[in-house]
């Protein structure tokens, strides 16, 4: 799925509506409204940008970041739905200026999709277990990985494109979260995390962990 196709189908109605409002306002000589609509349209294009990316020269041991943003936490938590036990968690906070499309951190098969409704606490908080979320569990040749899309105080919609049984390649687009949000990457405990708290990472490009030998 190309970046243009994936992003366009999610915002087509918004883009067409703002473009129509801007044009109509200009024709009716309501210049302030035309300029306002054009400005919001420009921001929508910027926010939903989805650049094509190629992973770095690939090492089979590398696990890539599933999202753009800043790493806020690296810890060990209980993950009951896919790992059924402890897992290492790397939390990434996506600000309003980050690309909001998520990508597969490693190649594998989608084994679980678990959506949970919930609240909209600020995504930068460490404990967001009550927030609306979507868990994508991947079975890879080396072991399980999971990506959790979590809404924030401004986010109101999670989009997920793959279905259970789909085979994904490293860096393939998974979905997006509309507006400020968070993405958690769950890893087996034996995986070596090479990223650090405070690091700015980029989905499908930044190496965050390595499979152990």
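The values are calculated or read from the model by the stated rules, or taken from the named source; none is laboratory data. All of these numbers come straight from a predicted model, not from anything done at the bench. Note: ideal-geometry Cβ built from the backbone for every residue, glycine included; neighbour counts use all protein chains shown.
For the residues 22, 6, the requirement of being surrounded by 13 or more Cβ atoms within 10 Å (Cβ to Cβ), in a helix (DSSP H, G or I), at pLDDT below 75 and on the phi < 0 side of the Ramachandran plot singles out 6. For segment 66-110, the tally of residues that are within 19 Å of residue 174 (Cβ to Cβ) and either outside any loop (DSSP other than H, G, I, E, B) or not assigned by TED's automatic domain parsing to the domain that holds residue 185 (or both) stands at 16.
When you look at residue 202, is it surrounded by fewer than 23 Cβ atoms within 10 Å (Cβ to Cβ), assigned by TED's automatic domain parsing to the domain that holds residue 112 and within 15 Å of residue 96 (Cα to Cα), yes or no? Yes; evaluated as a whole, the condition is true for this residue. Of all the residues in segment 181-199, those that are surrounded by 13 or more Cβ atoms within 10 Å (Cβ to Cβ) and touching a residue at least 60 places away in the same chain (Cβ under 8 Å) number 12. Right, residue 110: closer than 15 Å to residue 165 by Cα and modelled with pLDDT of 95 or more or not? So residue 110 passes the test. The set of residues from segment 26-44 being farther than 22 Å from residue 101 by Cα and touching a helix residue (DSSP H, G or I) at 6+ places or on another chain (Cβ under 7 Å) comprises 26, 33, 34, 37, 38.
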